[in-house]
Amino acid sequence: MFRRAALNPTFLAALTGVLAGAAAGVGGFTFFYAKGASYLTNSPKACANCHVMYEQFDGWVKGSHRAVAVCNDCHTPPGFLAKYFTKGMNGFFHSFAFTTGRFPEHIRITERNRRVTESACRHCHAAVVAVIEGSTGRGPANCLACHPGVGHMESAAFGSVPPGFRARADIPLSSEPAHQSSALLAHRRP
């Protein structure tokens, strides 16, 4: 009996409609509940939709990178397709992890996203990187090895914003030329 009903085109159309409707309803609810449209923007507030990102967002707000970069500048590759492919892929895996409860409370960057972020560092700080790599003779520098949480004001030892830290809006970003920067001089050999 069921076999005959399953082959009936009307039954198959109805079943397909019910399944598609359920998928669209669950997907629509999830998109609305998770503020999905915000992820299509360039707003850093979208990244703080999840409670595990509050610390990173708070660190970015208090750090100097807030004046020159948003999350997508460092965490997605350049170009429309590459950017939205990465956002889509990360969004799927983040949603899956949060839905199933399989995520570490202290989030970790994936190897692929680490390469994207490293590339962004090297792009924006190309002049400094060229001097560092030229002066050390050790080959390509790994920016994130020495500066693991610079965009989020994280302390390498504690993994969080230092207690009581307040960004000082009255102190401008450095106007020193890159070749005279005290940060660059710290990378030079004695």
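Every number here is computed from the coordinates shown, using simple stated rules; none is lab data. All of these numbers come straight from a predicted model, not from anything done at the bench. Quick reminder, even Gly has a Cβ in these numbers, built from the backbone with ideal geometry, and neighbours come from all protein chains shown.
Within straight cross-link reach of Lys62, meaning Cα distance under 18 Å, which lysines are found once same-chain residues fewer than 8 apart are removed?
Lys45
Label region 56-114 by shape, choosing from rounded, prolate and oblate, from the square roots a ≥ b ≥ c of the eigenvalues of the Cα gyration tensor; if a/c is under 1.5 it is rounded, and otherwise prolate applies when a/b is larger than b/c, oblate when it is not.
Since a/c reaches 1.5 but b/c is at least a/b, the shape of region 56-114 is classed as oblate.
In nm, what is the difference between 0.36 nm times the number of residues separating Ala130 and Phe80 and their Cα-Cα distance? Let's see the in-between values first.
On the way: separation 50, 0.36 × 50 = 18.00 nm, distance 2.74 nm.
Extending this stretch completely gives an extra 15.3 nm.
Once you list every other residue whose beta carbon is under 11 Å from the beta carbon of Phe57, what net charge do they have if Lys and Arg are +1 and Asp and Glu are -1?
On the way: positive: Lys45, Lys62, Arg66; negative: Glu55, Asp58.
Charge balance near Phe57 sits at +1.
I need to check one value: relative contact order of region 1-132, counting alpha carbon pairs closer than 8 Å and at least 6 residues apart, in percent. Intermediate results must be reported in sequence, preceding the final value.
Working: 53 pairs, mean separation 24.0, N = 132.
Reported relative contact order: 18 percent.
Nearest 0.05, what FRET efficiency do Val68 and Val18 give at R0 = 45 Å with Cβ-Cβ as r?
The formula returns an efficiency of 0.35 here.
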